[in-house]
Amino acid sequence: MPDKNKRPATLQEKAGIPPPDTVSAQSAQQVRNYRRIQPSAEALISGIIRGDKTALSRAITLIESTNPDHFEKATTVINGCLPHANRSVRIGITGVPGVGKSTFIEAFGSQLTAIGRKVAVLAVDPSSTLSHGSILGDKTRMEELVKDERAYIRPSASGEALGGVARKTREAIILCEAAGFDIIVIETVGVGQSETAVHSMTDFFLLLKISGAGDELQGIKRGIMEMADAIVINKADGDNIKRAQLAKTEFNRALHLFPAKDSGWQPTVSTCSAVEKTGIGAVWETISEYLRLTKSNGFFEKRRAAQNQYWMMETIERQLKERFFNNSDISASLDDMKRAVQQGEISPFAAARLLLEQYFKA
């Protein structure tokens with residue numbers, strides 16, 4: 001009898017002609033055997049500092065794990081990498097789905113690696129609320145950058161985290177910095193949720209827009225537009241060039257209505273074509289100009305210090321939540337409380353208070 005509680009698969013393929021085997025059974029077994037070998041925390045730290053991408057990937061997988069047994073080892077890896085971190089420029093890139101974030105990041109990253117920079121891309125994929133799975137297909141959309149020796153692309157699932165980031169993105173940044181990447185790009189899911197989380201872990205916040213998709217100024221409200229340090233109108237090519245230029249003019253006028261930023265920076269608006277690779281260099285020039293200003297007036301270090309404090313509080317909240325739900329006594333009582341709430345025997349607020357009292361008495 002089928003299990004009614006079993007979650008559906010993230011991807012399903014209809015029956016058809018099976019694809020031919022492309023990997024030998026022996027090679028596949030060798031890969032599986034290698035993955036079963038769990039390196040020590042010290043080995044992972046050493047590999048990361050050497051710039052070993054395999055060690056970096058395995059360490060990020062470790063810190064993303066929700067298994068309580070992995071927490072201590074993950075903490076050791078993060079602490080071992082901390083002295084080698086904080087030496088990068090962190091750039092957050094967001095925009096609605098279809099704006100061309102992946103194409104833009106590939107063109108942008110390739111331009112940076114061409115001038116000698118090392119680029120790590122932390123691409124966050126939205127998770128299904130039904131199957132809880134993610135496609136994680138960003139590497140397939142960055143075909144050239146993924147082959148670049150000076151680049152590293154890590155797709156992660158957003159899971160239940162809000163704000164367009166994965167729950168361990170902040171820690172992944174530390175590991176990438178320790179591995180020698182001096183440009184960290186965080187690509188958010190761009191689903192219209194508050195982007196406060198990614199804004200609180202980056203030095204420069206870039207908003208990608210496209211013209212011809214409705215009212216250009218529809219999103220001009222206090223929120224994501226106000227957080228942006230630069231707006232780049234993508235897909236300014238072909239018949240869309242005039243519309244992109246018009247959108248640039250409108251956004252420039254609107255941005256002057258916002259109050260001045262604490263950084264002393266006036267947000268800029270530019271156009272580009274990620275497909276034709278035009279206007280990409282100007283984006284890096286804008287970011288470089290921003291860095292010169294904020295480092296000279298002290299805002300850069302002040303912002304980094306505020307971010308560290310913010311993520312300390314976020315970590316406390318997250319770990320309290322994880323320990324609450326992983327508590328065996330709470331797990332035993334939680335289902336009964338859920339059932340009582342559903343049947344109207346107790347209010348949700350009273351049930352929550354009783355569970356919290358039980359947890360803190362334990």
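The values are calculated or read from the model by the stated rules, or taken from the named source; none is laboratory data. All values reported here derive from a predicted model rather than from experimental measurement. Note: ideal-geometry Cβ built from the backbone for every residue, glycine included; neighbour counts use all protein chains shown.
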Check: Filter the stretch 154-166 for residues that are buried (at least 23 other Cβ atoms within 10 Å of the Cβ) and in a strand (DSSP E or B); which is modelled with the lowest pLDDT?
Finding: Ser156
Next item on the list: Identify all residues within the stretch 65-99 that are surrounded by fewer than 21 Cβ atoms within 10 Å (Cβ to Cβ), at pLDDT below 90 and over 16 Å from Ala179 (Cβ atoms); write none if there are none.
Entry: Ser65, Thr66, Asn67, Pro68, Asp69, His70, Phe71, Val96, Pro97, Gly98
Note to self: Could you go through the stretch 39-51 and let me know if any residue there is of a type in the set (S, T, N, Q), at pLDDT below 65, within 28 Å of Tyr152 (Cα to Cα) and surrounded by 10 or more Cβ atoms within 10 Å (Cβ to Cβ).
What the structure shows: no
Next item on the list: Collect the residues in the stretch 268-304 that are in contact with a strand residue (DSSP E or B) (Cβ under 8 Å, 6 or more places away or on another chain) and of a type in the set (Ser, Thr, Tyr), keeping them in residue-number order.
Entry: Thr268, Ser270, Thr271, Ser273, Thr286, Tyr290
Check: Just for the stretch 223-240: of the residues that are in contact (Cβ under 8 Å) with a residue 24 or more places away in the chain and assigned to a helix (DSSP H, G or I), which one is nearest to Gly100 (Cα to Cα)?
Finding: Asn240
Check: Looking at (1) assigned by TED's automatic domain parsing to the domain that holds Val99; (2) over 30 Å from Gly100 (Cβ atoms); (3) under 24 Å from the mean Cα position of the chain (by Cα), which is the one condition that is false for Asp262?
Finding: (3)
Notebook entry, point to check: small (Gly, Ala, Ser), in a loop (DSSP other than H, G, I, E, B) and more than 19 Å from Gly109 (Cβ to Cβ): does that describe Ala260?
Noted result: yes
Notebook entry, point to check: Name the residues in the stretch 234-254 that are touching a strand residue (DSSP E or B) at 6+ places or on another chain (Cβ under 7 Å) and closer than 30 Å to Lys302 by Cα, would you?
Noted result: Phe251, Asn252
Next item on the list: Quick one: count up the residues across the stretch 305-336 that are in a helix (DSSP H, G or I) and surrounded by 14 or more Cβ atoms within 10 Å (Cβ to Cβ).
Entry: 10
Notebook entry, point to check: In the stretch 267-281, which residues are on the phi < 0 side of the Ramachandran plot and in contact with a helix residue (DSSP H, G or I) (Cβ under 8 Å, 6 or more places away or on another chain)?
Noted result: Pro267, Thr268, Val269, Ser270, Thr271, Cys272, Ala274, Val275, Ile280, Gly281
Note to self: Tell me whether the stretch 192-206 contains one or more residues that are modelled with pLDDT of 90 or more, in a loop (DSSP other than H, G, I, E, B), more than 22 Å from Ser273 (Cα to Cα) and in the same structural domain as Ala236 (by TED's automatic domain parsing).
What the structure shows: yes
Check: Somewhere in the stretch 279-294, is a residue assigned by TED's automatic domain parsing to the domain that holds Ile210 and not in a helix (DSSP H, G or I)?
Finding: yes
Margin query: If Ile346 meets every condition in (1) assigned to a helix (DSSP H, G or I); (2) surrounded by 12 or more Cβ atoms within 10 Å (Cβ to Cβ) apart from one, which number is that one?
Written below: (1)
